[in-house]
1. Quick check: residue separation of VAL465 and LEU322 times 0.36 nm, minus the Cα distance between them. What number comes out in nm?
2. Go through 212-224, 231-243, 144-156 and give me the packing order, highest mean Cβ count within 10 Å leading.
3. Let me have the relative contact order for the chain, percent, based on Cα pairs under 8 Å that are six or more residues apart.
4. Determine the gain in length on full extension of the stretch PHE271-ASP18; use 0.36 nm per residue of separation and subtract their C-alpha separation, reporting nm with one decimal.
5. DSSP beta bridges in the chain, what fraction antiparallel, as a percent rounded to 5?
6. If the reach is capped at under 19 angstrom between alpha carbons, list the aspartates and glutamates near LYS326, excluding any in the same chain fewer than eight residues apart.
7. If you wrap a convex hull around the C-alpha atoms of the range 463-542 and split its volume per residue, what is the figure in Å³?
8. Hull surface divided by four, with the convex hull built on the Cα atoms of the chain: how many nm²?
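Values in this text are rule-based calculations from the coordinates and carry no lab data. All figures in this text were calculated on a predicted structure; none of them were measured in a lab. Because the Cβ atoms are built from the backbone with ideal geometry, glycine has one as well, and the counts that use them run over all protein chains shown.
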Amino acid sequence: MTRRDREAGGRRSSAEPDPGHVCLATGVALLLLGLIGVLARFGDLPLIDPDEGRNAGVAVEMARAGEWAVPMLHGMPYLDKPVLLFAALRAAIGLFGETELAARLPLLLAGLMTLFFTHRLARTLFDRDVAWLSVGALAVSPLFIAFSRYVIFDGLLTACVLFAWWMGERGRRGAPLGHVAAWGGIGLAVLAKGPIGLLLGLVGLLVLHLAQGSRRTASLFPPLGLALFALVVGPWIAQVERTQPGFLRYALVTESAERFLTPAMKRSGPFWYYLPVLFVGFLPWSALLLARLRHQWRDGTDRGALRALALTAALVVLFFSLSRSKLPGYVLPILPLLAILVGHDLRTLLRDPRARRADSLLIAAPWLVLGVASGAAVLLEAPLARWLRLPATMIEPTLQLFGAVALIAFAPAAFALIVAGRGRRGVSVAACGAVMPMLLLLGLPFADAYAETNSARALAARIRVVAPRPLERVCHQCYPPGLSFYLAGEFVVATADGRELTSNYLRRNFPTLPKDSGVIGLTEFDRGLASGVFAAVISRRDEAPSTGYRLDGRFGRFRLWVRERTGS
């Protein structure tokens, strides 16, 4: 506690709440609100294609094949990403069955670990108040909530990298084996998402070390730590390279270098792509962070740590901004760093009676603007579904969602400003943090409609009725990824080159990969149609695959064609 804090405490009336208790209560309240948003309908919503359905389907196929090392997609090796997430999914599915809850459980655990490691890193750098406020700020941010319930690699990568950064900071402060454990975390990050885990881990270790005045960088590379890294990563790479020669070159060149240097993955975006992603994904703290970041750097006591956090985040954003492949989840690992910066600022806001009340406006302003804009869009009957490129069936749910945004975003923000004006800044901060969880709860009808439109669950249920035997089901030059999970890969795919399987590895190596009866060529598909083998054909075309087939239903982008029964 600083001298200024002690003096302020001496002047404080006995009726006033203790600032430390206010910080703790505010942080815990935000954390609970965030967990409500994460857990809402957690195990109920169907898996969304392409990512959730495909990733969970890979785990199901691994479980049925008795495989732990090599991910499998439709009987073939799926090596677009490493094995850690798939192994975690396989373990959860083995324990709890082939359900949406089991498929999402590893990401929930990764989110909880991220919160814990954020607390520990903030506590190591600053104090208890910053730690709890950082955890609360992270828990209610939209990007964190989304990726703690979405079956994709970024949440697990974030937990592993954050563990490495925390251990590295402990090692910098003299904790035995801190840097060794950090390299173990980096190894897990590589198994979570490939070489990018090594890059992120090293950037954080170096910047947190150098920006705080430490100069002996050799301590970051202890031989025991490097040996631990090799022990974590090496056996899996050796096993996959032995069974799938050329994998290492694919991982380093295609999945890493080409993804960064070329638009081959068809996920390119402008240089400023991540500015709106971070601004929206880190609401309601974005405006506060931008306005106060420069002031934070002037804090003499904490300047080194603040500078290290900001520089690490800036370098990661710059790297991904230069990349030719961009997706929102790529910058998820820096969200805990931004949350710690915000937690430091919220501590000042809540503990210092001289802090500007205008900071409450910086937190509430984005919600006020969003509420007004959403209300205006609904009143003016703006074509929201078309602007968002949603199907016609989503028009009504979209309008309902934006109506909820107008109400829920505006009302708590206005309330926050009122209570802040009366000196209750903890209540003000918690009210702004409550907006996103409330929006998620009221937006569940929209989430339901969107998930059903972009999931293979309903299609799989219908296929089981019209074609109970696996070899009677065929996807003709298409591949609803969720069928890998909901039908456990028990269907046939008719393809010329494997392009439909949504796997860069399978597409590039398709001619040389071993295939079972679940993958057939187009000529064999035509013979099967002629002989009446297929009771159900899934395609993306509006015309029947052959005479004798009728349209049974439309499921998002896919059509289900059923062979008409003939009289006996």
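1. Result for the pair: 46.6 nm of gain on full extension.
2. 144-156, 231-243, 212-224
3. Relative contact order here is 18 percent.
4. So the extension gain works out to 86.5 nm.
5. 60
6. ASP49, ASP51, GLU52, ASP80, ASP154, GLU255, GLU258
7. 98
8. Projected area, direction-averaged: 28.6 nm².
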